[in-house]
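Peer 1: Quick one: structure below, then a few questions.
No lab work stands behind these numbers, since they all come straight from the coordinates. In this text, all values refer to a predicted model and were calculated from it rather than measured experimentally. FYI the Cβ positions are ideal-geometry reconstructions off the backbone, even for glycines, and counts take in every protein chain you see.
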Amino acid sequence: MIATTMSDAGTVAGAQRSKPAKKRDPMVWVIKPAVWVLCLAPLAWLGWLVADAVFFGGRGLTANPVEFINRYLGDWALRILLVALAVTPVRILTGWKQAVRLRRLLGLFAFFYVALHVANYVILDQFFDWTAIWNDIVRRWYITVGMLALLCLIPLAVTSTKGWIKRMGGRNWNKLHKAVYIAGAAACLHFFMMRKGLQYEPLVYGAIFAGLMAVRAVEPLKRRIAAS
């Protein structure tokens, strides 16, 4: 009885000690809120441009607002996706293990911008004309590749919760989420094909993606060398 009471008291004391520790966790109280602000800032700026154009006649949306919004959202979707893919390379290069705690949040923000990008195309550009949308997917290769990236990201976003990890098992979950590499490659190719011709910016994004994949390949290579 006394031992049980002491054990309970120790548990309570441990919980009390853990609460202040959690409050002092910079990942929870500083870094993640900063990621939220940074990821939502492009959307807030786009909202301002729309409001400025509607109420004050601003020209920030250019002469073709629908195309501007579509490209703007697509650009930020690709940027945030690359940042999400950079989490593991950052951990490998710097040894900062806490970086992996940002991967899920960044991945969901990337999917959020992809969803807005596609929604803008379906609603504002095509006005729910599903026949025209299907024809675009079939005939325009850059849209086909873009849709491939979307199809890869949807199951990753759906299964991003801890509950899905338990249902699927860690090994199966990891196998599924490797589809993010296909999504990243497809997104870079989509951007390159959309621009038509050899342009500087798509090549930069492609080089960043290739560099991130190269860094990721270093860790398993080191493991094999160590094992041999």
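Peer 1: So which chymotrypsin sites (Phe, Trp or Tyr not before Pro) in region 127-190 end up in coil per DSSP with only 12 or fewer other C-beta atoms within 10 Å?
Peer 2: Phe127, Phe128
Peer 1: Then there's this: Which residues make up the longest stretch of the chain clear of trypsin sites (Lys or Arg not before Pro) that lie in a DSSP loop with no more than 15 other Cβ atoms within 10 Å, not counting the sites?
Peer 2: Counting at most 15 other Cβ atoms within 10 Å as exposed, the longest clean stretch of the chain is 60-139.
Peer 1: A further question follows. Please report, largest first and rounded to whole Å, the three semi-axes of the ellipsoid equivalent to the chain, where each semi-axis is the square root of five times an eigenvalue of the C-alpha gyration tensor.
Peer 2: For the chain, the ellipsoid semi-axes come out as 39, 24, 18 Å.
Peer 1: Next question, about the same structure. State which entries of Lys32/Lys196; Lys97/Lys178; Lys97/Lys196; Lys196/Lys222; Lys175/Lys196 exceed 28 angstrom in Cα-Cα distance in the structure shown.
Peer 2: In this structure, Lys32/Lys196; Lys97/Lys196; Lys196/Lys222; Lys175/Lys196 lie more than 28 Å apart at Cα.
Peer 1: In whole Hz, what ³J(HN,Hα) sequence does region 143-155 give by Karplus (6.51, -1.76, 1.60; θ = phi - 60°), x for Gly and Pro?
Peer 2: Values per residue, Gly and Pro as x: 6, 4, 5, x, 5, 4, 4, 4, 5, 6, 7, 4, x Hz.
Peer 1: Now, a different point. Shape verdict for region 116-228, please, from the Cα gyration tensor: rounded (a/c under 1.5), prolate (a/b greater than b/c) or oblate.
Peer 2: Verdict is oblate for region 116-228.
Peer 1: Over all pairs of distinct alpha carbons, what does the Kirkwood formula give as the hydrodynamic radius of region 21-147, in Å?
Peer 2: The Cα-based Kirkwood calculation yields 16.8 Å.
Peer 1: Now for a separate question. Relative to the longest principal axis of the C-alpha atoms of the chain, give the angle of the C-alpha long axis of helix 103-120, reported between 0 and 90° and rounded to the nearest 10°.
Peer 2: 20
Peer 1: Give me the distance between the Cα centres of region 174-205 and region 153-168, rounded to whole Å.
Peer 2: 23
Peer 1: Against the longest principal axis of the chain, how steep is helix 2-23, in degrees 0 to 90 to the nearest 10, with axes from Cα atoms?
Peer 2: 30
Peer 1: Further question on the same structure: Which of the three applies to region 47-106, rounded, prolate or oblate, going by the alpha-carbon gyration tensor with a ≥ b ≥ c and a/c under 1.5 meaning rounded?
Peer 2: Here region 47-106 falls in the prolate category.
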